[in-house]
Amino acid sequence: MTTTEDGTRSYPFGPITRLDLDPTLVEICGEQPVLRVRLPFGGEGWLVTRYADVRTVLADPRFSRAAAVGDHVPRTVAVGLPGTSMLSMDPPEHTRLRRRVTNAFTIRRLKALRPRIEEIVHELLDAMVATGAPADLTTALTWPLPITVICEMLGVPLADRERFGEWVDGLLMLADPEQAARARTRLDEYLAALIALRRVTPTDDLLGELVAENGESGESDPLGEEELVGLGVSLLSAGQEATANQIGNFVYTLLTRPALWRQLVADPALVPDAVEELLRFIPNSATAGFTRIAVEDVELSGQLIRAGDAVVAELGMANHDPEVYERHDEIDFGRQRIPHVTFGHGLHHCLGAQLARLELRVVLEILLDRLPGLQLAVPADQLSWRTERLVRGVAALPVSW
């Protein structure tokens, strides 16, 4: 960690260790919840860590995502999102795109999807059990499940799913701009080809529905080609990477705290509450989230943010704010439900949050039922972790049962 003459610190402050919060981050931001930092790319900005301030940055229109488009903007990732991405838009453009895909994630539609998710989980576990212990749960379950679900929703051919996984993985590299740019190009080209195919041969999958709706003569604001491609890329990356890592992180956390695993085995009805508490407890991102730019002066925790300043929010720290969560560093399935910010907050709240919750619940319910004796096959300190990526995750999870 380096510090400039004016006291500005380089962020991140240290290497990511497993699923732990950076102790330097905890120490510094406990006293300075709005901290001036030098980000890995683009220059300086403000790091915000308190729950209330994070929610303000995520939801207040005075903090703009659209103004944060461009390579010159301070940011934590190697390659920023293009302006055609829904994640890089403010209303009304963001509203226009988001309403096109909202119907894909309604409670009714997800309820109808649950039997298929259960079927996929059972098929994957059947294959794992047939091969025998020990088995790598990441290879057997945590990665195949989310990519299968989101690709079936979008209509991506089974044969192409492995390539998709590699491209999404490359897209979310923190420090390799060339690899991230190549991955983005390949995803864009592939989605553009699928969209062109849907125009010739209509389908009833989500991508087909988006293309069909966009071609209706009564549509007053049709999406551009880049916007359609951007929607597809956003849905794929959000539907795969974060959920796949979280499944592995959940299982790792429970198996390294056997009393919690046994608690769920004894009372599976706790699973929905357990999912929410684990979502709060586990820092999903390896670094602060997407940059926003203040479009007017705003005060946060006594610190004046000037118009034009870059701001990034630490969701993991906000989820451990001791002023909001009593015993924040403990896992308590009976905790009073206070909304966490793992999926964001405000108009950019993750569109696929309910799908992720559904997959996490189904996986835990089935594992607890079928493999109640599940345990790590190696000592926890021998596990390897995925590094230099936006989303944290265990690289391999050897288990026996």
| For Arg370, which of the numbered conditions (1) buried (at least 17 other Cβ atoms within 10 Å of the Cβ); (2) at pLDDT 95 or above; (3) within 29 Å of Phe105 (Cβ to Cβ) fails to hold? | (1)
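Please go through the stretch 253-303 and pick out each residue that is acidic (Asp, Glu) and more than 23 Å from the chain's Cα centre (by Cα).
The initial filter retains those residues of the stretch 253-303 that are acidic (Asp, Glu), namely 267, 273, 276-277, 296-297, 299.
Of everything in the stretch 253-303, those that are acidic (Asp, Glu) and more than 23 Å from the chain's Cα centre (by Cα) turn out to be Asp267, Glu296, Asp297, Glu299.
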| query | Does Ala274 satisfy the criteria of being open to solvent by less than 10 Å² (accessible area, probe 1.4 Å) and either over 20 Å from His340 (Cα atoms) or touching a Cys at 6+ places or on another chain (Cβ under 9 Å) (or both)? | reply | no
| Taking the stretch 278-298 on its own, how many of its residues are under 17 Å from Glu359 (Cβ atoms) and open to solvent by 10 Å² or more (accessible area, probe 1.4 Å)? | 1
| note | Among helices (runs of 4 or more DSSP H) entirely within the stretch 180-272, at least 2 residues that are under 21 Å from Pro283 (Cβ atoms) occur in 243-255, 258-266
| So which residues in the stretch 63-98 are buried (at least 20 other Cβ atoms within 10 Å of the Cβ), more than 19 Å from the chain's Cα centre (by Cα) and assigned to a helix (DSSP H, G or I)? | Ala68, Leu97
| request: Identify, from the list Val129, Val121, Val168, Val156, the residue that is more than 26 Å from Pro15 (Cα to Cα), open to solvent by less than 30 Å² (accessible area, probe 1.4 Å) and part of a helix (DSSP H, G or I). | output: Val121
| request: Could you tell me which of the residues Gly334, Gly346, Gly316 is closer than 30 Å to Glu296 by Cβ, surrounded by fewer than 21 Cβ atoms within 10 Å (Cβ to Cβ) and not aliphatic (A, V, I, L, M)? | output: Gly346
| Given the structure, is Val101 part of a helix (DSSP H, G or I) and surrounded by 16 or more Cβ atoms within 10 Å (Cβ to Cβ)? | yes
| said: Filter the stretch 284-308 down to the residues that are among the hydroxyl-bearing types (Ser, Thr, Tyr), outside any strand (DSSP E or B) and at pLDDT below 95 and list them by number. | reply: Thr287
| What's the number of the condition Val57 fails, among (1) open to solvent by 20 Å² or more (accessible area, probe 1.4 Å); (2) touching a Phe, Trp or Tyr at 6+ places or on another chain (Cβ under 6 Å)? | (1)
| field | Identity of the residue in the stretch 219-267, modelled with pLDDT of 80 or more, open to solvent by 20 Å² or more (accessible area, probe 1.4 Å) and of a type in the set (Asp, Glu), that ends up nearest to Leu371 (Cα to Cα) | value | Asp267
| query | Under 6 Å by Cβ, and 6 or more places apart or on different chains, what pairs join a residue from the stretch 307-324 that is closer than 15 Å to Val57 by Cα and of a type outside the set (Ser, Thr, Tyr) with one that is assigned to a helix (DSSP H, G or I) and modelled with pLDDT of 95 or more? | reply | Val311/Val57; Ala313/Val54; Ala313/Val57; Ala318/Tyr51; Ala318/Val54; Asn319/Arg280
| message | Restricting to the stretch 134-153, give me the number of residues that are within 17 Å of Asn245 (Cβ to Cβ), open to solvent by less than 20 Å² (accessible area, probe 1.4 Å) and at pLDDT 90 or above. | response | 7
| task | Take the stretch 358-388 and flag every residue that is part of a strand (DSSP E or B) and touching a helix residue (DSSP H, G or I) at 6+ places or on another chain (Cβ under 7 Å). | result | Gln375, Leu376
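The values are calculated or read from the model by the stated rules, or taken from the named source; none is laboratory data. What you are looking at is a predicted structure, and each value in this text was computed from that prediction instead of being measured. Glycine also receives a Cβ, built like all others from the backbone with ideal geometry; neighbour counts cover every protein chain displayed. The accessibility values were calculated without ligands, DNA or RNA, using every heavy atom of the protein model including side chains. Shrake-Rupley method; radii C 1.70, N 1.55, O 1.52, S 1.80 Å.
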